[in-house]
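J.: Let me give you the structure first, and then I'll get to my questions.
The values are calculated or read from the model by the stated rules, or taken from the named source; none is laboratory data. Predicted, not measured: the structure shown is a model, and the values here were computed from it. All Cβ positions, even for glycine, are placed from backbone atoms using ideal geometry, and neighbour counts span all protein chains on display.
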Amino acid sequence: MTESAIKALRPVANMVIRGQIISDNLVEFGGRGGDLSFLAPDAHQYLDRLPMGNPGKLSELYELSFDDIVDYLSKVGDALDVSTNEHLQQARELSYLTAPTTPSIVDASYADLGSFFQPDAVREDAESQIGIKYLEGWVEEQPRRNGMRLKVRCFGARTLHIVAGNAPAISALSIIRNAILRSDALIKTPSNDPFTALAIAQTMIDVDPQHPITKHLSVAYWRGGDTVLEEKLYQPHNVEKIIAWGGYASVKHVTQYIQPGLELISLDPKRSISIIGKEAFDSESAMQDVALRLASDFGGMNQVGCVNARVVYVQSGTDEAGIEQLNQLGQMTYDALAKLPASISTKPKAYDNELRAHVDALRFSEDWYRVIGGEDDEGAVIVSQIPDAVDFATKLDHRTANLVPIDSIDEATAAANAYTQTVGVYPEDLKDDIGDLLSLYGAQRFVSLGYAISGTTAAPQDGIEPVRRMAKWITNEISETGVVTPPWQWD
Amino acid sequence: MSSTSLQITADNLQQEAIRFCSDTDAYFGSSDENLHGMPRDRLAALQLAALKYRFEDLKDRIPMLQQLASRQNIASLETLEDVVPILFEHTMYKSYPPMLLEKNRFADINKFISRLTTYDLSTIDVSECQSIDEWIEVMDRKSELEICHSSGTSGTMSFLPTSKKEWDKFTRGTRTTVRSRLADPDDNEFYCIYPYYRDGASSHLRINNYCIKHILGDESRFYSAYPGWMSSDVLYLAAKVRAAKANGELDRVNINPALMQRLREFEELQQNMPAHLDTFFEHVMEELRGKRVYFGGTWNLLHKLAEQGLKMGEEAMFAPDSVIISGGGAKGVTPPENWQEDVCRFFGIERILMGYGMSEVQQMHYQCEQGRYHFAPGAIPFLLDPDTSEPLPRSGTVTGRAAFFDLTAETRWGGFITGDELTINWETPCACGRQSYFIEGEIERYSEKQGGDDKISCAATENAHKEAMDFLTHFE
């Protein structure tokens, strides 16, 4: 078959290297287990061009002011209008096939992509994560106590972003962070989203192919763990920082290349929980409110994210009356799930067989579990009838939550561990009681119940400040012999 | 033909089917050749009749089956495919709260297991049991079962309520396979070297007693590296500690200090295993050199044994008609390429008899000379659509998720859906001459196929979690 015939059958995820679109030397990827199979340029053929060997080339980004960066990103944001942008339209169509979510959720994510690039958003990100003055020049801080004058500046770096594919916004966010930091980024796309980052990069080429920001973004797909490729690419003379999102496999592959001069910023895969105090049962309307919030926390984005609740601890009490009211809350939550707007939640794309087998088996253990829904793979609420989470808690997915009754809120603190990211809390002031201890045990983010999938990019993430770490922090130390005792005079 | 004679024929078929599934080994005259010699049509009729009999006999006696059948609106079976909606998933054997095991609530565990077997276990007093080992000891003594369990990687263990009678039947079948490989079936003295525990409630250890009883004939012919009982509590605890370590919450896990001490001892023992095996070997070699041995176990145990022997410079240690049976085995670990050659070289045999099987289906499907796994007639194979679990056609060459109905199970439900992907050629008989259906090509685990495709998510899915755990800690 000729190359054009292959192309006709399968979509192509082009490669972008610093403003140049590459669409030849195609090889096939994906296609296993019903996945979309797609073609992409063979990264091995472009290995010498993918990294930016000479870091001095970053200097052209330093001819831009921060305002220039904001202006350019704003133009790109305006161009990211899916009603007119063909790159986005194509990417969205293809993402229907690759994304773990469903078309209405993909549509909503794509409609929102441009908003991340708007001036207010970019300034807020930059100011809160770095401080714009540190991006703009050397900032003289208070003299240090030994009399030394200190200037600090935040510089860009040569970075590799291994992005996750469960939310298109991750691609947009990575591109914006790269622009703010005046860095050079190579984005390695995942097979569950090979198209979004590419569509943004192609849009930037349309907006201004010669713009330094366009020319410091590359996007490529190769199979993660391709050691022949990665061994050559992941070297300090090519890359200084690797930002790896989720997916233990991606992080595990990367760890073997970490060495002096090559830093790993690992946004580890995480899970989230919710904790609900007894106030949820104060009234019928409080229960309805909690049910809707809870449905949003585990049903939003169809539970594909690290932010989504999976196990939910509820201070319902564990006696018969307590379990009864938890069952009621479970039913209300299930009912609320069906009412979530299609832009954030729908019947899942494909319910996992293994998970279904686990859920179905519980239907025969009525003494210990009540399973509400799930008959049609639409998602389910499993209400534990004793204070114990299901043994497959780590498999909960596709809008499936496990409500666990507790007597005392202390029992919920046991639920946080090194894998915990978000904790949805109700009522609000419960955070005061449990927040500190949960943080020590591993929780990284507390949200008002119902807001797990909401949030801001202008905040720490996963317990670290990744944007600060993506940059290089350089000091200029000015010491005058009359002020700072010189080493040669130390006794 | 009158309708009366048709009736008689059906009755005859049912009587024959009952004989067939009640003791498959006896039905085929303890002959491996007969076992695979029945024409396909005749076997299919017999299997269908036996399936109907099993369902009729068990549907009101196994509560879990009763409930599932009623949920699926199945009152009787007419065709083989009718059974598919009521096959059990592996999850059925572990759908109890983890807390029951953690808090030694064995009366509740018995209540759970009673729903999976025809026996009522609620009458057995387990109120004094303070550990899994104590509970198993009581259950072995007071029930008709020898329950076996999985290694318990996720906080619970699967409990498979296999009866002593079923273990007997299974091992008599193995004996037939083993003896069929001898020139003179009456000259059938075997010794067994087992580089692990003598006893335990994991399925690979449960079989040892029966191997001694039916294949070796005498305890003195069984040489285990560790003569005692592999503690189920230690296995359970090891998995729990491993999970707690990976989650960064070890200090918060409540562990009985006495058990923790046993876990330490076990870990020490694992560490000292190579040295211990050296000593064990020296002793065993002296006694068993040149003798005919039997071994049945996972590739890793077998390979460990062979590596140890080869390291000591031993080759062709045993009689060339020794019988070595192995199969898939250690989960998630890929065997080294040369493991079979190592084993053959050490034992001095031509080939390993490879079997495909699982604890939930007590039938071994052995590989023929053509390298194909042939289905034992006591189990009906099915292929299901991996997405919908609908049965796939029993014609042509078909690939799907394997399921089986174990017709020999008489106190528990024999229907089981595996996590394996197989290909079956339903048309062409095998060149080896056996009539039975067989597996074409490799057996793959669906769980290992997923997640291998570079899908990256920020959510810690089971796969990511498991991989991380496997990477951080190695055990057993």
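J.: Mind listing whichever residues of the range A:321-371 are in a helix (DSSP H, G or I), under 28 Å from residue B:65 (Cα atoms) and charged (D, E, K, R)?
T.: Hits for the range A:321-371 are A:324, A:354, A:356, A:360.
J.: State whether the residues of the range B:186-193 include one that is among the aliphatic types (A, V, I, L, M) and under 13 Å from residue B:292 (Cβ atoms).
T.: Scanning the range B:186-193 turns up at least one residue that is among the aliphatic types (A, V, I, L, M) and under 13 Å from residue B:292 (Cβ atoms).
J.: Under the condition of being crowded, with 24+ Cβ neighbours inside 10 Å and in contact with a Phe, Trp or Tyr (Cβ under 8 Å, 6 or more places away or on another chain), which residue from the range A:155-169 is nearest to the other protein chains (Cβ to nearest Cβ)?
T.: Checked the range A:155-169; the qualifying residue nearest to the other protein chains (Cβ to nearest Cβ) is A:164.
J.: Being within 14 Å of chain B (Cβ to nearest Cβ) and either under 22 Å from residue A:429 (Cβ atoms) or surrounded by fewer than 20 Cβ atoms within 10 Å (Cβ to Cβ) (or both) is the requirement here; does residue A:258 meet it?
T.: Taking the combined requirement at face value, the residue does not satisfy it.
J.: What single numbered condition from (1) within 13 Å of chain B (Cβ to nearest Cβ); (2) out of contact with any Phe, Trp or Tyr (no Cβ under 7 Å at 6 or more places or on another chain); (3) at pLDDT below 95 fails to hold for residue A:146?
T.: (1)
J.: Then there's this: Do you know which residues across the range B:322-370 are at pLDDT below 90, of a type outside the set (D, E, K, R) and surrounded by fewer than 17 Cβ atoms within 10 Å (Cβ to Cβ)?
T.: B:328, B:329, B:330, B:332, B:333, B:334, B:335, B:336
J.: Within the range B:242-280, can you find the residues that are polar (S, T, N, Q) and in a loop (DSSP other than H, G, I, E, B)?
T.: B:247, B:254, B:256, B:272
J.: Right, next: So which residues in the range A:173-203 are small (Gly, Ala, Ser) and either within 21 Å of residue A:11 (Cβ to Cβ) or free of Cβ contacts under 8 Å to residues at least 40 places away in the same chain (or both)? Quick ask: steps written out before the conclusion?
T.: We begin by selecting, within the range A:173-203, every residue small (Gly, Ala, Ser); these are A:174, A:179, A:183, A:185, A:191, A:197, A:199, A:201.
Answer for the range A:173-203, where residues must be small (Gly, Ala, Ser) and either within 21 Å of residue A:11 (Cβ to Cβ) or free of Cβ contacts under 8 Å to residues at least 40 places away in the same chain (or both): A:185, A:191, A:197, A:199, A:201.
J.: Then there's this: Which numbered condition trips up residue A:441, out of (1) facing chain B (nearest Cβ under 8 Å); (2) more than 30 Å from residue A:98 (Cβ to Cβ); (3) among the hydroxyl-bearing types (Ser, Thr, Tyr); (4) crowded, with 20+ Cβ neighbours inside 10 Å?
T.: Going through the list (1) facing chain B (nearest Cβ under 8 Å); (2) more than 30 Å from residue A:98 (Cβ to Cβ); (3) among the hydroxyl-bearing types (Ser, Thr, Tyr); (4) crowded, with 20+ Cβ neighbours inside 10 Å, residue A:441 breaks only (4).
J.: For the range B:374-428, which residues satisfy the criterion of being basic (Lys, Arg) and surrounded by 18 or more Cβ atoms within 10 Å (Cβ to Cβ)?
T.: Passing the criteria: B:401, B:412.
Each row is one residue, and each column tells you yes or no for (1) within 11 Å of another protein chain (Cβ to nearest Cβ); (2) modelled with pLDDT under 95.
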position	(1), (2)
A:237	no, yes
A:270	yes, yes
A:273	no, no
A:283	no, no
A:290	no, no
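J.: For the range B:23-38, enumerate the residues that are buried (at least 16 other Cβ atoms within 10 Å of the Cβ) and of a type outside the set (A, V, I, L, M, F, W, C).
T.: Passing the criteria: B:23, B:24, B:25, B:27, B:30, B:32, B:36.
J.: Sticking with this one: Run down B:277, B:263, B:269, B:237 and say which single residue is away from chain A (no Cβ under 14 Å) and out of contact with any helix residue (DSSP H, G or I) (no Cβ under 7 Å at 6 or more places or on another chain).
T.: B:269
J.: Here's something else I'd like to know. Identify, from the list B:41, B:60, the residue that is among the charged types (D, E, K, R) and more than 17 Å from residue B:16 (Cα to Cα).
T.: Going through B:41, B:60 in turn, the sole match is B:60.
J.: Any chance the range B:213-233 includes a residue that's within 14 Å of chain A (Cβ to nearest Cβ), under 30 Å from residue A:415 (Cβ atoms) and of a type outside the set (S, T, N, Q)?
T.: No, the range B:213-233 has no match at all.
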